[in-house]
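What follows is a set of notes on a single structure, which appears directly below.
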């Protein structure tokens, strides 16, 4: 099995855009609150932070899993967080045909995705969706980076090509036996 990240563009309605933006803002607010507590207590250990801030993050309106994802993100980076992305796991993100179902501060939303033949090819072969990241770019376009598990030998391929392209996946260089 190998893991791929597929960047897909979303087509949310104006009401869904408001819910997504509110979720990003609350997620960034949760990350910054957790960061302040981590600095004050001088600890970035996930479980200790979880005991200290979980109730406050839930009071912000985040779901339980998004609160845990915010705490985990602070353990990786120690700087100010802006509302540009939000982490999702298997429980907060799922695929429903050509729609993605996301947990937001306003409940669960089903948002249509723009899928190319490349995306459809890999999603049809995906064994599972491991999670993803919701992003808004500078132009206000919405994306979700889907992390999927697909069958394949990681050692046998050095890169993955688009289906139908003329180039094929190259074999990984073999270690010399000298």
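What the table shows:
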| item | result |
| --- | --- |
| Hey, residue 61 on the phi > 0 side of the Ramachandran plot and touching a residue at least 12 places away in the same chain (Cβ under 8 Å) or not | yes |
| The listed residue being farther than 15 Å from residue 21 by Cα, surrounded by 10 or more Cβ atoms within 10 Å (Cβ to Cβ), at pLDDT 85 or above and out of contact with any helix residue (DSSP H, G or I) (no Cβ under 6 Å at 6 or more places or on another chain), out of 69, 133 | 69 |
| Residues being surrounded by 15 or more Cβ atoms within 10 Å (Cβ to Cβ), in a helix (DSSP H, G or I) and more than 16 Å from the chain's Cα centre (by Cα) - total across segment 9-25 | 4 |
| Filter result for residue 6 (part of a helix (DSSP H, G or I), within 17 Å of the chain's Cα centre (by Cα), within 30 Å of residue 117 (Cβ to Cβ) and in contact (Cβ under 8 Å) with a residue 12 or more places away in the chain) | no |
| Checking residue 90 against (1) within 14 Å of the chain's Cα centre (by Cα); (2) surrounded by 14 or more Cβ atoms within 10 Å (Cβ to Cβ), the condition it does not meet | (2) |
| Considering residues of segment 96-111 that are crowded, with 18+ Cβ neighbours inside 10 Å and in contact with a strand residue (DSSP E or B) (Cβ under 7 Å, 6 or more places away or on another chain) only, the residue nearest to residue 48 (Cα to Cα) | 102 |
| Selection within segment 55-64 - surrounded by 17 or more Cβ atoms within 10 Å (Cβ to Cβ) and either modelled with pLDDT under 90 or assigned to a helix (DSSP H, G or I) (or both) | 57 |
| Of the criteria (1) closer than 24 Å to residue 149 by Cβ; (2) surrounded by fewer than 16 Cβ atoms within 10 Å (Cβ to Cβ); (3) in contact with a strand residue (DSSP E or B) (Cβ under 9 Å, 6 or more places away or on another chain); (4) touching a residue at least 40 places away in the same chain (Cβ under 8 Å), which one residue 84 fails | (1) |
| Unmet criterion (only one of (1) within 26 Å of residue 37 (Cβ to Cβ); (2) touching a residue at least 24 places away in the same chain (Cβ under 8 Å)) for residue 111 | (1) |
| Qualifying residue in segment 112-128 (condition: surrounded by 15 or more Cβ atoms within 10 Å (Cβ to Cβ) and within 21 Å of residue 26 (Cα to Cα)) | no |
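The values are calculated or read from the model by the stated rules, or taken from the named source; none is laboratory data. Nothing here was measured: the structure is a model prediction, and the numbers come from that model. Neighbour counts run over all protein chains shown; Cβ positions are idealised from the backbone, glycine included.
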